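Structure first, then comments.
Taken together, the values in this text are just the output of simple stated rules run on the coordinates, not laboratory data. Quick caveat: nothing in here was measured; it's all calculated off a predicted structure. Backbone-built Cβ (ideal geometry, glycine too); neighbour counts: all protein chains shown.
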Amino acid sequence: IFNDEFIDMSKVQVDDYKLMLDSDGTVQALYNTIVMPLLGSNWTIEADDDTPKAVEQSAWVEESLRKPPHKGGMSTPFDLVLAQALRAVVEGFAGFEKVYELVDGKIVYKKIAWRDPTTITMYTDDRGGFNGFRQRAYIANSYSDVRIPLDRCFLYTYGKEFHNLKGRSAFTAAY
């Protein structure tokens, strides 16, 4: 990575940024300065229009995301999903698997499961667009390759203008 006075940033990996965040108090403070206001803010789901059906649907979606697991909500609280997505500020991107279930005749999220970026590879379509993940997952005491299809994926990219899929860490200059 380091060649005399030049750091080849194309060789810097997610693990390098994670180590920097874990070991540098200034980076930790800067990261918290960026993400804490977002995590502490209130959010709502708003309807596209004022029709009673749209308002009812948006209220139901928000309620579903806010409910704790013991009251029928997701096994991963939505606040945790937001916190995990914001890791993309340091890591460039955050990948998730959407897990569904049927409740009272409606398809809902059972969980939105974060996938460690060091364990996933992104599939692309023939135009370079996102087309799902491959995860090297530890399952039943061994590693397996698991395909997560596009319709079950959620990808949040920070710094998308620098790389369409993997983004770029806000801490590239600090590194």
State which entries of 67/166; 71/98; 111/166 exceed 28 angstrom in Cα-Cα distance in the structure shown.
67/166
Residue 53 and residue 119 label points (each 7 Å along its Cα→Cβ direction) are spaced in nm at 4.1
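May I ask you to list the GluC sites (Glu not before Pro) in segment 97-175 that are in a DSSP loop and have at most 15 other Cβ atoms within 10 Å of their Cβ?
Hits after loop and neighbour filter: 161.
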At 1.306 mPa s and 10 °C, Stokes diffusion of the chain via Kirkwood alpha-carbon radius, µm² per second:
86
Looking only at segment 49-63, which residues have a backbone nitrogen under 16 Å from a spot 7 Å from the Cα of residue 71 in the C-beta direction?
59-63
With Cα springs under 10 Å, the Gaussian network model of the chain assigns the largest mean-square fluctuation among 61, 99, 81 to 61
Could you give the size of the charge dipole of segment 59-136 about its Cα centre, using +1 on the Cβ of each K and R and -1 on the Cβ of each D and E, expressed in debye and rounded to the nearest 20?
160
Give the residue from 59, 121, 148 lying farthest towards the positive end of the charge dipole for the chain; charges sit on Cβ (+1 for Lys and Arg, -1 for Asp and Glu) and the dipole is referred to the Cα centre.
148
How high is the relative contact order of segment 78-175, given as a whole-number percent (alpha carbon pairs under 8 Å, six or more residues apart)?
29
Computed helical MRE - 222 nm, the chain, DSSP H runs ≥ 4 contributing -39500 (n - 2.57), nearest 500
-9000 deg cm²/dmol
Quick check for me: using +1 on Lys/Arg Cβ and -1 on Asp/Glu Cβ, what's the dipole size of the chain about its Cα centre, in debye to the nearest 20?
540
Connecting every pair of Cα atoms under 10 Å apart in the chain and solving the GNM, the largest mean-square fluctuation among 20, 36, 74 falls on 36
Given contacts defined as C-alpha pairs under 8 Å and at least six residues apart, what's the relative contact order of the chain, whole-number percent?
18
Build a GNM of the chain with springs between Cα atoms under 10 Å: which of 27, 35, 103 gets the top mean-square fluctuation?
103
Assign unit charges at the C-beta atoms only (+1 for Lys and Arg, -1 for Asp and Glu), then state the dipole size of segment 30-77 relative to its Cα centre in Debye, rounded to the nearest 20.
380
Taking a cut-off of 20 Å between Cα atoms, list the aspartates and glutamates near residue 18, but don't count ones fewer than 8 places away on the same chain.
8, 91, 116
Considering the options 25, 173, 99, tell which one lies farthest towards the positive end of the dipole of the chain, charges being +1 on Lys and Arg and -1 on Asp and Glu at the Cβ, about the Cα centre.
99
